[in-house]
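Read the structure below first, then the notes.
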Amino acid sequence: MTCAKLFSGADQALCYAKYRPAYPEELYTVVLEYAGGPKTLAVDIACGSGQATAALAALYGRVVAQDGSEEQLHQAKQLPNIEYQHRDAHETGLPDQCADLVAVAQALHWFKHKEFYQEVRRILKPSGTFAAWTYSLPILNHRQHPAQALLLHLYEDVLGPYWAERRKLVEAGYRGIEPGAEHFGLVVRRELESQQEQSVDSLLGYLRSWSACATYRSQHPERLDPVLEFKMQLLDVLGARVSAVLR
């Protein structure tokens with residue numbers, strides 16, 4: 001199954017748009033530390049339903065946001081300076097040296113990296129910046145909290161066989177797939193920690209947006225929804241509390 005198909009379908013795209021987390025302002029501050037040149041055009045590759053696109057539109061004069069799933073693009077937030085395009089990440093169709101920034105949010109692991117980096121280098125201005133970021137499993141309250149053990153059980157034991165092989169690249173924080181000197185003169189890694197309060201319902205929606213959860217449900221429609229089972233266990237652990245802190 002291709003990356004686009006994993007996140008396509010009207011229900012999956014709606015869930016993705018509603019529950020995938022936005023990125024902290026600190027992340028964009030870090031990106032701008034390296035993208036200090038003109039802010040004319042940013043290109044958001046594999047933008048999904050626009051989790052990063054709107055934030056980039058506040059920083060750049062124009063944003064071209066591309067994704068391989070039309071359903072995801074239909075859910076994306078519309079702004080006057082955003083142009084959404086249904087394109088493959090390895091063939092953007094954009095002019096040479098047009099972009100001040102090329103950004104990839106939570107999608108780099110799906111690409112053919114040699115081909116993709118060549119395409120990024122082609123469309124970036126000589127002074128342009130490429131930024132890619134990822135996040136892995138959230139921490140509920142703290143690592144030793146019973147809720148975290150439930151989440152790990154869902155992630156590893158229940159859904160483990162249904163994750164694509166490339167999920168391991170996310171777990172590794174993209175170590176080993178960084179672009180080389182032949183593509184970019186300077187490659188820098190930064191790690192950030194973000195904390196937010198999230199309702200149980202919002203957490204459950206995020207879990208349902210996982211590609212492994214969608215694969216599990218498609219292969220086992222007769223079984224109990226694993227997120228529903230997790231919900232019952234989580235509420236038992238949390239008692240009367242209805243929110244969890246995610247890090």
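Listed by position, the helices (runs of 4 or more DSSP H) inside the stretch 89-203 whose residues that are within 30 Å of Gln233 (Cβ to Cβ) number at least 3 are 146-152, 167-171. Within the stretch 190-227, the residues that satisfy the criterion of being free of Cβ contacts under 8 Å to residues at least 60 places away in the same chain, closer than 30 Å to Tyr117 by Cα and touching a Lys or Arg at 6+ places or on another chain (Cβ under 8 Å) are Glu193, Ala212.
Quick grid of which residues meet (1) modelled with pLDDT under 95; (2) under 30 Å from Ser127 (Cα atoms); (3) among the hydroxyl-bearing types (Ser, Thr, Tyr):
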position	(1), (2), (3)
Gly160	no, no, no
Glu171	no, no, no
Ser218	yes, no, yes
Leu235	yes, no, no
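Only one of the numbered conditions (1) touching a residue at least 12 places away in the same chain (Cβ under 8 Å); (2) open to solvent by 70 Å² or more (accessible area, probe 1.4 Å) is violated by Gln66, and that is (2). For the stretch 161-182, residues that are surrounded by 14 or more Cβ atoms within 10 Å (Cβ to Cβ) and without any contact (Cβ under 8 Å) to a residue 12 or more places away in the chain total 1. Does the stretch 2-12 contain at least one residue that is crowded, with 19+ Cβ neighbours inside 10 Å and of a type in the set (A, V, I, L, M)? The answer is no, given that none of the residues of the stretch 2-12 is crowded, with 19+ Cβ neighbours inside 10 Å and of a type in the set (A, V, I, L, M). Taken together, Ser136, Ser127 contain a single residue that is of a type in the set (Ser, Thr, Tyr) and open to solvent by 80 Å² or more (accessible area, probe 1.4 Å), which is Ser127.
The values are calculated or read from the model by the stated rules, or taken from the named source; none is laboratory data. If you're wondering where the values come from, they're calculated on a predicted model, not measured in any experiment. Cβ: placed from backbone, ideal geometry, glycine included. Neighbour counts: every protein chain shown. These area figures cover heavy atoms from the full protein model, side chains too; ligands, DNA and RNA do not enter into them. Shrake-Rupley method; radii C 1.70, N 1.55, O 1.52, S 1.80 Å.
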